[in-house]
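Computed from the coordinates by the stated procedures, all read-outs in this text should not be read as laboratory data. Quick caveat: nothing in here was measured; it's all calculated off a predicted structure. Neighbour counts are summed over all protein chains in view; Cβ atoms, including those assigned to glycine, are modelled from backbone coordinates with ideal geometry.
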Amino acid sequence: MKVGINILNFGPGTDPDALRSWTTFAERAGFSLAMLSDHVALTEDVDALYPAPFYEPFSTLAWLAGVTDRLELGTTVAIVPYRNPILTAQMAANIDRFSNGRFVFGVGVGWSEPEFAALGVPFERRGAITDEYLAAVKELWTSDLASKEGEFVRFSDLRTGPRPQRGPHPPIWVGGSSRAALRRAVTYGDAWHPINPRPGWVRAEGVVALGAVAARAGREVPRLCPRTRIRLTTSPLDDADRLTGEGTLRQVLGDIEDFADLGSDYVVLDPYLGPEQRRPPEEDWRTLETVVTALFKAGIATPAQG
């Protein structure tokens, strides 16, 4: 299993130097993947959780592709309805080219109704829009001459290029744990990307439901690539009172080992605990390095080479 890191691309103190420092740390510590989150319009509800400044992920990843050597770079998660799929496909393909095939497309439907309103996108149709947009992006990535006709997408005979470097296309990780999200992961995704689940939920319920959806659709089960917050405590926490990745180092390693036992290709570690618990980057790095070093030492995960 490989280990990724969720880089904080928002909040006071975030600037290009800080973003570059995060990737420098990630490469030095043996992480395989660095990911960024996504918001476009910082409405009051968004800013309360993810304060300004917020660096837009696609342009930031394009820049980071040029200042990193081996890290895979991705979104956790890009809100698909926010951008025209023709633009999304082209930006993502460019990043994959700039990075020599290192782009990972993590996607979601979004949650902020005011942000959707600010962008002029119907909140109540966000799931249907996401489905059509993902189908369009895949068509644009894999065809020299692309066409798509739907309720939200209409284009024909579009010449594409540059095509993504990683074939047949960059991996698509579908976030969310609802029934619709699981169906979307099976239909459009290469991996399911659950975020901050409760301890044991992925094993007891999540992968079971995902397998049932795949069986009904006659499709392969997507790979498991979860994201988990990281908060170390000196005393054990009750499972009823914590999310995965919270508790003592032993508890955190047990959570991640459970993902590995389920066949996870990656696990993404997220140090963000909310605006009231924002720490200096150096403190986050010490916590993350403690966890990732223990994972490598225990053989639960494999450090990136190079």
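Magnitude of the charge dipole for the chain, about its Cα centre and with charges confined to Cβ atoms of Lys, Arg (+1) and Asp, Glu (-1), is about 780 debye. Based on DSSP H segments of at least four residues, each scored -39500 (n - 2.57), the chain has a per-residue ellipticity at 222 nm of -12000 deg cm²/dmol.
In order along the range 57-70, the phi-based Karplus estimate (6.51 cos²θ - 1.76 cosθ + 1.60, θ = phi - 60°) of 3J(HN,Hα) comes to x, 5, 5, 5, 5, 4, 5, 5, 4, x, 10, 10, 10, 10 Hz; Gly and Pro are listed as x.
Taking every pair of Cα atoms in the range 201-306, average 1/r, invert it to obtain the Kirkwood radius, and report Rg/Rh to two decimals.
Rounded to two decimals, Rg/Rh equals 1.02.
Cα-based radius of gyration for the chain, normalised by 2.2 N^0.38 Å, reads 0.97. The fewest-to-most ranking of Ile172, Ile86 by surrounding Cβ atoms within 10 Å reads Ile86, Ile172. Which of Thr14, His169, Gly4 sits closest to the plus end of the dipole of the chain, meaning its Cα is farthest towards the positive end, when Lys and Arg get +1 and Asp and Glu get -1 on the C-beta? Of the listed residues, the answer is His169. If R0 is 30 Å, what FRET efficiency do you get for Thr142 and Ala180 from their C-beta distance, rounded to 0.05? FRET efficiency, Thr142 to Ala180: 0.80.
Among Val291, Val80, which comes first, second and so on when ranked by fewest other beta-carbon atoms within 10 Å?
Numbers: Val291 23, Val80 28.
The order, fewest Cβ neighbours first, is Val291, Val80.
Please list, ordered by chain and number, the residues whose modelled amide H lies under 5 Å from the amide H of Thr248; skip anything fewer than 5 residues away on the same chain. Distant-sequence amide H within range of Thr248: Thr233, Leu237. Summarising the amide proton neighbourhood of Leu224: residues at separation of 5 or more, or on other chains, whose placed amide H is nearer than 5 Å comprise Trp192, Asp265. Couplings for the range 165-176, taken from phi via the Karplus curve 6.51 cos²θ - 1.76 cosθ + 1.60 with θ = phi - 60°, read 6, 7, x, x, 6, x, x, 9, 9, 9, x, x Hz in order; Gly and Pro are left as x.
Within the range 49-88, list the residues whose amide N lies under 17 Å from a label point set 7 Å along Cα→Cβ of Glu220. Counting only backbone N, you get no residues.
Restrict the search to the range 152-249; then list the GluC sites (Glu not before Pro) that DSSP places in a loop and that have at most 16 other Cβ atoms within 10 Å of their Cβ.
Taking the range 152-249 and a limit of 16 other Cβ atoms within 10 Å, the loop GluC sites (Glu not before Pro) found are Glu220.
Dipole magnitude for the range 1-150: about 540 debye, using +1 per Lys or Arg Cβ and -1 per Asp or Glu Cβ, origin at the Cα centre. With θ taken as phi - 60° and the Karplus curve 6.51 cos²θ - 1.76 cosθ + 1.60 applied, the whole-hertz 3J(HN,Hα) list for the range 198-210 is 6, x, x, 5, 4, 5, 6, 10, x, 6, 5, 5, 4 Hz, x standing for glycine and proline. Once C-alpha pairs closer than 8 Å and six or more residues apart are averaged by separation and normalised to the residue number of the range 2-298, the relative contact order reads 16 percent.
Relative to one another, the C-alpha centroids of the range 8-73 and the range 83-131 are positioned 16 Å apart.
Candidates Ala240, Pro303, Pro197 compared by Cα position along the dipole of the chain: farthest toward the positive end lies Pro303, with charges placed on Cβ.
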